[in-house]
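**Student:** Okay, handing you the structure first.
The values are calculated or read from the model by the stated rules, or taken from the named source; none is laboratory data. Just so we're clear, the structure is a prediction, and the values are computed from it rather than from any experiment. All Cβ positions, glycine included, derive from the backbone under ideal geometry; neighbour counts span all protein chains shown. Calculation scope for accessible area: heavy atoms of the full protein, side chains included, ligands and nucleic acids excluded. Shrake-Rupley method; radii C 1.70, N 1.55, O 1.52, S 1.80 Å.
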Amino acid sequence: MPQKIILLPGDGIGPEVTEAAVSVLTYVANKFNVDISTKEKLFGGVSYDKFGTPLTQETLQACYDSDAVLLGAVGGYKWETLPHHLKPEAALLKLRKSLGLFTNIRPARVYPALIDSSSLKKEVIKGTDFIVFRELTGGIYFGEPRGYDEDKGWNTMIYTKFEIERITRMAFEAASKRKHVVTSVDKANVLECSQFWRKVVEEVANNYPTIELKNMYVDNAAMQIVRDPKQFDVILTSNLFGDIISDISGMITGSLGMLPSASLGSSYALYEPVHGSAPDICGQNIANPIASIASVAMMFEHTFDMHKAAELIFNAIERTLDEGYRTADIGNEENNIVGTTEMTKIIIQKFEEIYNEQALGVFTL
Ligand code: IPM
Ligand code: MN
């Protein structure tokens, strides 16, 4: 049985970067003899334009029948004035919730070749390598009651013990394969919901005696990430704080165009670049495909459990950058500026090179 991958290219640059990612996916799957099938579905603004809804039952059902979903990006000026429930962003939230994708993993890693592209000082970011574990199906994003009337607007930040426990375990498991430090980010000096979060995290932490737990307020965490990002290994946080913290973390790598993500639940998995749909540069073949390609690497890691293949994709990206190839968002006049499709071709070439150097024919996975 092939691994069924549903493609949701979405809006703006989504289709271009997804096409790039699919060529890497197909190439690597073939190389490692993984049987995959891909099927494309409309999602986001393009789905609204055709069907009057950003997420059809048919697209949702296709995701339910999949082994993994690869998403491009959603949204754009065109759909900004729609009522909230018809906006592409609402479809993304519905998809996450429907598939039960409670763990969002966003790695922030510095590529040595890009150390000068960050707005932060080289000495500050050199060697940074941490992962944000963001709770994705709860918190203030989904809490009831919610709404607004003439005089006021309101939302509810709420977390159950069960929701906190399961994301906490994911973060601690990840830390146990890394540097053994979890920093839980909350606002326990003000919010009861955060006080409860902290209590539950501490209880779960007792089951992981080899891992150090640090608690940090979100305002301080935002500052610490730009002051000394090397202090972090795994950051564990709630939905809203994780949204903010992961964008800050993104800038360490120089461009949001570099950041992949995985959203995992107990039955489904969705992979998507952290960046948005960038409608201003869409259709010009200049978008950076690296975040989307790196999301495919995360798919090999988490859905196919093929760490070697994932590592090779990251190595291929790194070598491409080391050799001076850049898309416009991360390049300067000294670099070799290439478009989306060319960047993708070069990454595949570098993959092939490294694969041959390592004589992977004899590797066991
Ligand atoms: C993200 C995005 C989404 C979020 C939006 C588009 C709903 O910012 O994936 O970080 O807030 O989760
Ligand atoms: Mn965000």
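**Student:** Applying the selection to region 219-273, what residues are within 15 Å of ligand 1 (Cβ to nearest atom), over 18 Å from Ile164 (Cα atoms) and in contact with a Lys or Arg (Cβ under 6 Å, 6 or more places away or on another chain)?
**Tutor:** Those that are within 15 Å of ligand 1 (Cβ to nearest atom), over 18 Å from Ile164 (Cα atoms) and in contact with a Lys or Arg (Cβ under 6 Å, 6 or more places away or on another chain): Ser246, Ser261.
**Student:** On the basis of being within 12 Å of ligand 1 (Cβ to nearest atom), within 27 Å of Val226 (Cα to Cα) and among the small types (Gly, Ala, Ser), does Ser292 make the cut?
**Tutor:** Taking the combined requirement at face value, the residue does not satisfy it.
**Student:** Okay, next question. From the list Ala171, Ala188, pick out the single residue that is away from ligand 2 (no atom under 16 Å from the Cβ) and closer than 14 Å to Val132 by Cα.
**Tutor:** Ala171
**Student:** A further question on this structure: Can you name the residue in region 158-195 that is aliphatic (A, V, I, L, M) and open to solvent by 50 Å² or more (accessible area, probe 1.4 Å) and is also nearest to Arg109 (Cα to Cα) among such residues?
**Tutor:** By that ranking, first place goes to Met170.
**Student:** When region 237-269 is examined, which residues are found to be within 16 Å of Gln224 (Cα to Cα) and of a type outside the set (Phe, Trp, Tyr)?
**Tutor:** Thr237, Gly242, Ile244, Ile245, Ser246, Asp247, Ile248, Ser249, Gly250, Met251, Ile252, Thr253
**Student:** Scan region 247-282 residue by residue and report those that are of a type in the set (Asp, Glu) and away from ligand 2 (no atom under 13 Å from the Cβ).
**Tutor:** Within region 247-282, Asp280 is the sole residue that qualifies.
**Student:** State all residues of region 196-246 that are within 16 Å of ligand 2 (Cβ to nearest atom) and open to solvent by 70 Å² or more (accessible area, probe 1.4 Å); if no residue qualifies, say none.
**Tutor:** Ile244
**Student:** What are the residue pairs meeting all of these: first residue in region 149-170, first residue farther than 20 Å from Val201 by Cβ, second residue in a helix (DSSP H, G or I), Cβ atoms under 7 Å, and 6 or more apart or on different chains?
**Tutor:** Sorted first by the residue in region 149-170, then by its partner, the pairs are Asn155/Ile140; Thr156/Ile140.
**Student:** Separate question: Quick one: is Glu357 on the phi < 0 side of the Ramachandran plot and within 19 Å of the chain's Cα centre (by Cα)?
**Tutor:** So Glu357 does not fit the description; no.
**Student:** Right, here's the next one. Among the candidates Val296, Val274, single out the residue that is within 20 Å of Thr344 (Cα to Cα), in contact with a Leu (Cβ under 7 Å, 6 or more places away or on another chain) and open to solvent by 10 Å² or more (accessible area, probe 1.4 Å).
**Tutor:** It is Val274.
**Student:** Checking the structure you have, find out if any residue of region 86-104 is over 30 Å from Phe162 (Cβ atoms) and more than 12 Å from ligand 1 (Cβ to nearest atom).
**Tutor:** yes
**Student:** It is to be established whether one or more residues within region 33-47 are under 17 Å from the mean Cα position of the chain (by Cα), within 15 Å of ligand 1 (Cβ to nearest atom) and crowded, with 18+ Cβ neighbours inside 10 Å.
**Tutor:** no
**Student:** So in region 109-157, with the set limited to residues that are among the hydrophobic types (A, V, I, L, M, F, W, C) and closer than 23 Å to Gly265 by Cα, which one is surrounded by the most Cβ atoms within 10 Å (Cβ to Cβ)?
**Tutor:** Val132
**Student:** Return the total of residues in region 192-229 being under 22 Å from Asp247 (Cβ atoms), in a helix (DSSP H, G or I) and among the aromatic types (Phe, Trp, Tyr).
**Tutor:** Total satisfying the criteria: 1.
**Student:** A further question follows. Provide a single number: the residues in region 91-106 that are away from ligand 2 (no atom under 14 Å from the Cβ) and either at pLDDT below 95 or surrounded by fewer than 19 Cβ atoms within 10 Å (Cβ to Cβ) (or both).
**Tutor:** Within region 91-106, residues that are away from ligand 2 (no atom under 14 Å from the Cβ) and either at pLDDT below 95 or surrounded by fewer than 19 Cβ atoms within 10 Å (Cβ to Cβ) (or both) number 4.
**Student:** Ala287: more than 14 Å from ligand 1 (Cβ to nearest atom), closer than 21 Å to Ile36 by Cβ, assigned by TED's automatic domain parsing to the domain that holds Pro9 and touching a helix residue (DSSP H, G or I) at 6+ places or on another chain (Cβ under 7 Å), yes or no?
**Tutor:** Against the criterion (more than 14 Å from ligand 1 (Cβ to nearest atom), closer than 21 Å to Ile36 by Cβ, assigned by TED's automatic domain parsing to the domain that holds Pro9 and touching a helix residue (DSSP H, G or I) at 6+ places or on another chain (Cβ under 7 Å)), Ala287 does not qualify.
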